[in-house]
1. Against the definition (touching a Cys at 6+ places or on another chain (Cβ under 6 Å) and either over 22 Å from Phe319 (Cα atoms) or in a strand (DSSP E or B) (or both)), how does Lys218 come out, yes or no?
2. Is it true that Ile182 is within 30 Å of Asp46 (Cα to Cα), touching a helix residue (DSSP H, G or I) at 6+ places or on another chain (Cβ under 7 Å), outside any helix (DSSP H, G or I) and not aromatic (Phe, Trp, Tyr)?
3. If I ask for residues that are more than 19 Å from Phe161 (Cα to Cα), in contact (Cβ under 8 Å) with a residue 40 or more places away in the chain and not hydroxyl-bearing (Ser, Thr, Tyr), which ones from the range 212-229 would you list?
4. Considering only the range 123-145, state which residues are over 14 Å from Val73 (Cα atoms), surrounded by fewer than 18 Cβ atoms within 10 Å (Cβ to Cβ) and of a type in the set (A, V, I, L, M).
5. Name the strands (runs of 3 or more DSSP E) wholly within the range 276-325 that hold at least 1 residues that are free of Cβ contacts under 8 Å to residues at least 24 places away in the same chain?
6. Name the pairs whose Cβ atoms lie under 7 Å apart, with the first residue in the range 180-202 and within 15 Å of Pro154 (Cβ to Cβ), the second aromatic (Phe, Trp, Tyr) and surrounded by 12 or more Cβ atoms within 10 Å (Cβ to Cβ), and 6 or more positions between them or separate chains?
7. Ile81: modelled with pLDDT of 75 or more and either touching a strand residue (DSSP E or B) at 6+ places or on another chain (Cβ under 7 Å) or of a type in the set (A, V, I, L, M) (or both), yes or no?
Amino acid sequence: MDKKKNIVLVLKRKFRSRNVLIFIFFVIISTILWFLNALNKTYVTDFNLNISFINIPENLIQKNISKTFIIKVKGTGFSLIREKFNNLDIPINIDLNNKNIKIFSLENSSEKYILTRDIVPLISKLFSDEVSIGKIIPDTIFFVDKRGISKTVPIKANLVFPENDISNFISEIIISPKKITIYGEKGIIDTINYLYTQPREVILTSLNNYFELPILDKFEGKINFSIKKVIVNVKVKEFTEKKLLVKITPENFPEEFDVILSPNEVNIVCKIPLSDYENIKSEDFHAFVDYQIRGKDMIQVKVESKNTKARVTQINPEFINYILQKKNHD
């Protein structure tokens, strides 16, 4: 009887043990299936990546000293796990010479910055097509310009024209570039609204006259220029010559004498803009002889243009005879 009871007990224990094993087996299978199903779903997670910047302009110093960036990555569980292992410890170098990365300036500040959204396409190349890169934290990387704050100012050409030039015919002065960026201490930069080129005497010989002119630096090296020279193009209107006959006026002669000039008119040649040829008349010029600068027998004829568009180039004759006759007061 005892023997039968023992057999029953053994069978019951074996049956219970087998049920436990079956239960555990199905739990494991269910867990695996759940895990596989979960890995097929889409998730967004954070990757910590080590990012450094190379080819930083010599005048800039990176302000954000940390190299660890948080990258928002979206993909399936399978792809995220694979990328996590592949890219976990890879150092990434971002070249600031890349044309797609723009360096911005803060107004009235020595700080410059780039937006990390500009480097997203470069980071994406390191990952498979199964994942996508969202934003990068931080979203802005700051740099400090060692040259100080910056400001953009216009350039003015300091041109000197000889008396006998054709500067009255200038139609336009083009400076390239029109503006430059200057760097330096705020107290100095704030006082500068424009800069001049170094003075240059120029002779205009054609319709387009090009000059390379250095920018005038009177700040004893306390400010820096983005460029040190500009190109100046002095454009001249098309011009021609016109001949006119102008009556001569005697000036500063003694009142007790009548003046006889021989001849009493002078031929002049003047340069004028082609478009004004018909508008220039003899009345636009003042021809005169001055008794105070006379010679013994002859006196020099002077001609002044009353029209800024005309310049006298020839006077004929340049010297004339004069006779003084005592006025008859009877």
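The values are calculated or read from the model by the stated rules, or taken from the named source; none is laboratory data. Owing to the predicted nature of the structure, the values given are computational and were not obtained by experimental measurement. FYI the Cβ positions are ideal-geometry reconstructions off the backbone, even for glycines, and counts take in every protein chain you see.
1. When the stated conditions are applied, Lys218 does not pass them.
2. Here the answer is no, as Ile182 does not meet what is asked.
3. Residues satisfying the conditions are Ile223, Asn224, Phe225, Ile227.
4. Hit for the range 123-145 is Val144, nothing else.
5. 298-305
6. Going by the 7 Å Cβ cut-off, the qualifying pairs are Ile180/Phe225; Ile182/Phe225.
7. no
Listed here are the residues, each with its yes/no results for (1) surrounded by 13 or more Cβ atoms within 10 Å (Cβ to Cβ); (2) modelled with pLDDT of 85 or more.
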| residue | (1), (2) |
| --- | --- |
| Ile299 | yes, yes |
| Glu304 | no, yes |
| Asn307 | yes, yes |
| Ile320 | yes, yes |
| Asn328 | no, no |
